[in-house]
1. Counting each pair of different Cα atoms once, what's the Kirkwood radius of the stretch 66-124 in Å, rounded to one decimal?
2. Rounded to the nearest 0.05, what FRET efficiency do residue 163 and residue 98 give with R0 = 35 Å and r taken as the Cβ-Cβ distance? Could you check?
3. Would you please state the base-10 log of I(q)/I(0) at q = 0.10, 0.19, 0.21 1/Å for the stretch 143-259, with intensities from the Debye formula using one equal scatterer on every alpha carbon?
4. Just how far, in whole angstrom, is the stretch 9-64 from the stretch 131-159 if you go by their alpha carbon centroids?
5. How much length, in nm to one decimal, is gained on full extension between residue 196 and residue 70, taken as 0.36 nm per residue of separation minus their Cα-Cα distance?
6. Considering only the other residues whose Cβ falls under 14 Å of the Cβ of residue 107, what net charge follows from Lys and Arg at +1 and Asp and Glu at -1?
7. Compute the acute angle (0 to 90°) between the alpha-carbon long axis of helix 13-25 and the principal axis of greatest extent of the alpha-carbon atoms of the chain; round to the nearest 10°.
8. Round to the nearest 10 and give me the degree value, 0 to 90, for the angle of helix 149-168's Cα axis relative to the longest principal axis of the chain.
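Quick note: the coordinates plus some simple rules give every number you see, no bench work behind them. For clarity, every value in this text was computed on a predicted model and none was experimentally measured. Virtual Cβ from ideal backbone geometry, glycine too; neighbours counted across all protein chains shown.
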Amino acid sequence: MSLRVFITGASSGIGEALAREYRRRDPDAVLGLVARREAALTEVARSLGGPVHCLVADVADRGELREAARRFIEHAGVPDVVIANAGISAGTDTAEPADAEVFERILRTNVVGLFDTFGPFLPAMRQAGAGRLVGIASVAGVRGLPGAGGYSASKAGAIAYLESLRVELRGSGVRVITLAPGFIRTPMTAANRYRMPFLTDADVFAAGAVDAIAAGRAWTVLPWQMGWVARVLRVLPDALFDRAFARAPRKRRDAAPPP
């Protein structure tokens, strides 16, 4: 039986690449693609072919997500894989009152959006004793990066939430998988005006990600080189980290979250 895969943030970037990788591996896979931009989502679905359900929803809107999940279950059944991929990023400055709304939006989308993506599916997956809940975190969640307080906080929160959920569901048959990308070539990183070590194409990331999901690995950093970077960052003493990153390049504040 072909896989049923539900992916948020599927109109571009990592989400689109994941959808293409699943279609490449299984032409009959049933894909539920979620995004806010209907025209872009429809174009991705058209180019993929095969069984696709286009579900227009904003992951920051709990009601819209629940309706998208309900429609997918109604037409395709309970998914085998749910990928909470949708995320936004922007530079923020705590001293700037105008950044408060951006900061909140980042957290709402990148952390609460995980909860709201998984929630509608979890009871049925638990009952079936099977399935994979996949959250897209980031190496940026390992340590707080200057100028990216909102994004780093959101990805650190995502890592901790996914770890908590993984332990909660131990023995249930439902696996929780955390994927932590480094720099992936997407519209989001295109706005960065600084060097991005080990920059990786989205399709290369997607191939490794789908392998990790199929294997049920709890934690995977991609590309693998960034896995070593993450290990070093985790153990680097605060004084050395502060000195090394105090003058690190920062994301521009006017790089607002993408529409």
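1. 13.3 Å
2. So, using R0 = 35 Å, E works out to roughly 0.60.
3. With no solvent term, the Cα-only Debye profile gives -0.36, -1.24, -1.41.
4. After rounding, the separation between the Cα centres reads 23 Å.
5. Full extension from residue 196 to residue 70 adds 41.4 nm.
6. -1
7. Tilt of helix 13-25: around 40 degrees.
8. So the inclination is approximately 50 degrees.
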